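See structure below.
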Amino acid sequence: MTEDEQKQAAAKKAVEYIEDGMVVGLGTGSCAAKMVDLLGKKVAHGLYVTGVPTSEATAQQALNLGIPIVGLDEVNVIDLTIDGTDEVDPEGRLIKGGGGAHLREKIVASLSDRMIVIAEAKKKVAQLGAFKLPVEVVQFAAPALKSRLEALGSIPTLRLAKDGNPFTTDEGNYIYDCDFGRIDAPEELALTLSTMPGVVEHGLFIGFADLVLIGTDAGVEVIEIVTK
């Protein structure tokens with residue numbers, strides 16, 4: 001299968017876990033977008049769900065498909081979140097944020113009873129770090145934080161938009177894409193970044209994934225995460 005077909009297969013399998021009446025966290029990115037499209041078709045045929053989008057782009061997509069959406073002020077619990085990833089290792093640890101939505105994605109995932117991660121085969125890695133780690137920072141702190149991120153052993157690059165200006169997230173923050181190389185201690189790095197003033201959020205998702213669905217040439221690989 002092509003990468004696009006692998007994404008489609010993983011998204012199709014994930015939608016099977018959505019039950020009538022659920023509150024569903026709707027991820028962001030190319031793989032998650034396929035899931036939202038498939039969910040929209042099921043809603044059109046009578047499935048009732050409420051979506052909690054993780055980005056403005058996903059919110060607009062859901063509305064266009066007729067999927068009811070709400071904010072976090074309108075729900076007490078999110079039954080299931082389905083989202084993509086940029087990397088996933090054998091323990092279900094993730095690097096996310098290639099689309100710049102990892103802050104909202106992590107908030108929604110943290111409020112969910114269960115998280116299903118969907119991806120194509122190349123996103124499954126033996127060790128995190130080939131994908132540059134997104135670190136979201138407040139604009140005011142961005143200049144000072146670059147040197148602090150370098151001191152942690154990374155090469156940080158300020159993410160730019162297509163017009164050449166700094167990319168800004170839905171919350172108006174900047175992102176440094178940090179090349180750490182292979183990350184030997186993801187938990188330690190996550191804690192260090194989380195306690196750094198000016199860092200809003202980072203793309204290490206540790207302890208969030210419950211199930212990983214990987215589209216492969218042989219079908220969808222289903223990985224239960226038991227170390228959460």
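The values are calculated or read from the model by the stated rules, or taken from the named source; none is laboratory data. This one's a predicted model, so the numbers in the text were calculated from it and none came from an experiment. Glycine also receives a Cβ, built like all others from the backbone with ideal geometry; neighbour counts cover every protein chain displayed. Just the protein is used for accessible areas: all its heavy atoms, side chains included, with ligands, DNA and RNA removed. Shrake-Rupley method; radii C 1.70, N 1.55, O 1.52, S 1.80 Å.
General remarks:
- q = 0.12 Å⁻¹: log10 I(q)/I(0) that the Debye formula gives for segment 130-228, counting C-alpha atoms only: -0.48
- In segment 1-149, taking the dipole from charged Cβ atoms about the Cα centre, the farthest positive-side position among Ser112, Val125, Ser55 is held by Val125.
- Apportionment of accessible area to carbon and sulfur, the chain, percent (1.4 Å): 52
- Heavy atoms of Thr195: accessible area, 1.4 Å probe, square angstrom to 10: 100
- Within the chain, DSSP assigns beta bridges of which about 55% are antiparallel (rounded to the nearest 5).
- Solvent-accessible area of Tyr174, all protein chains in place: 40 Å² (probe radius 1.4 Å, heavy atoms, ligands and nucleic acids excluded).
- Computed with every protein chain present, the accessible area of Asp113 is close to 100 Å² [probe 1.4 Å].
- Solvent-accessible heavy-atom area per residue, rounded to whole Å², over segment 18-154 at 1.4 Å: 42
- DSSP H segments from the chain that extend 24 Å or more along their own axis, Cα-based, with Kyte-Doolittle mean of 1.6 or above: none
- Rounded if a/c under 1.5, otherwise prolate or oblate - segment 1-145, Cα gyration tensor axes: oblate
- Loop-located trypsin sites (Lys or Arg not before Pro) in segment 81-184, at most 10 other Cβ atoms within 10 Å (DSSP): Lys162, Arg182
- With the convex hull drawn over the C-alpha atoms of segment 3-52, the volume per residue is 61 Å³.
- Segment 84-195: C-alpha gyration tensor shape, a/c 1.5 cut-off, then a/b vs b/c: prolate
- Cα centroid separation, segment 160-228 to segment 91-125 (Å): 7
- Take every pair of alpha-carbon atoms less than 8 Å apart whose residues are at least six positions apart; their mean separation over the length of the chain yields a relative contact order of 23 percent.
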